[in-house]
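Quick notes on the structure that follows.
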Amino acid sequence: MSNTLLKVVVSGCLATLMDALVYSALFSFIGSSISKACGFLAGSSTAFILGRIFTFQSRGKVLKQIQRFSLVYACTLCANVLVHEILYNVIPDSGWIPFLGATAVSTVLNYLGQKYFVFKEVVCS
């Protein structure tokens, strides 16, 4: 396993753990969609910090990266909540399946967005 892939896996696991903790803490009080969105946002904040410092070791302009990251995560938030709701409503008594399915879809989209858009270093020729 390459060093970058290992960092992606570790960062992703930590961000997902943050997402899961917030989701599970709020689910009983505010329902599935809002708790999923809150968990996703907590995980997203964790992902930005770890992505910038640990995974991609970016030295780019932080404000521009925050704007790009926010755009990527706004799109993947919609995908995440949509997949979660579809699975939650289609599979009765599904337990963690909606959470895991939504997380899998958004993980792939987030990685691609971070690697090729948010933390992509521009090389001047």
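When Ser11 is tested against (1) of a type in the set (Gly, Ala, Ser); (2) without any contact (Cβ under 8 Å) to a residue 60 or more places away in the chain; (3) over 15 Å from Phe119 (Cβ atoms), exactly one condition is not met: (3).
Tell me yes or no: at least one residue of the stretch 19-28 is under 10 Å from the mean Cα position of the chain (by Cα), assigned to a helix (DSSP H, G or I) and either in contact (Cβ under 8 Å) with a residue 24 or more places away in the chain or more than 23 Å from Phe99 (Cβ to Cβ) (or both). Yes, that holds for at least one residue. Based on this model, can you work out whether Arg52 counts as under 21 Å from Met18 (Cβ atoms), among the charged types (D, E, K, R) and modelled with pLDDT under 95? Answer is yes for this residue. Taking the criterion of being more than 20 Å from Leu109 (Cβ to Cβ), of a type in the set (A, V, I, L, M) and surrounded by fewer than 16 Cβ atoms within 10 Å (Cβ to Cβ), the residues of the stretch 6-54 that qualify are Leu6, Leu21, Ala25, Ile30, Ile34, Ile53. Would it be correct to say that Ala74 is among the small types (Gly, Ala, Ser), exposed (fewer than 13 other Cβ atoms within 10 Å of the Cβ) and at pLDDT 90 or above? Yes, satisfied.
Taking Gln57, is it within 14 Å of Lys120 (Cα to Cα) and surrounded by 13 or more Cβ atoms within 10 Å (Cβ to Cβ)? When the stated conditions are applied, Gln57 does not pass them.
Across the stretch 92-114, which residue is surrounded by the fewest Cβ atoms within 10 Å (Cβ to Cβ) among those that are without any contact (Cβ under 8 Å) to a residue 12 or more places away in the chain and either assigned to a helix (DSSP H, G or I) or of a type in the set (Asp, Glu) (or both)? The extreme case among them is Asp93.
The values are calculated or read from the model by the stated rules, or taken from the named source; none is laboratory data. Remember, it's a predicted structure, so these values are computed and weren't measured experimentally. Methodologically, a virtual Cβ is constructed for each residue, glycine included, from the backbone with ideal geometry; neighbour enumeration extends over all protein chains shown.
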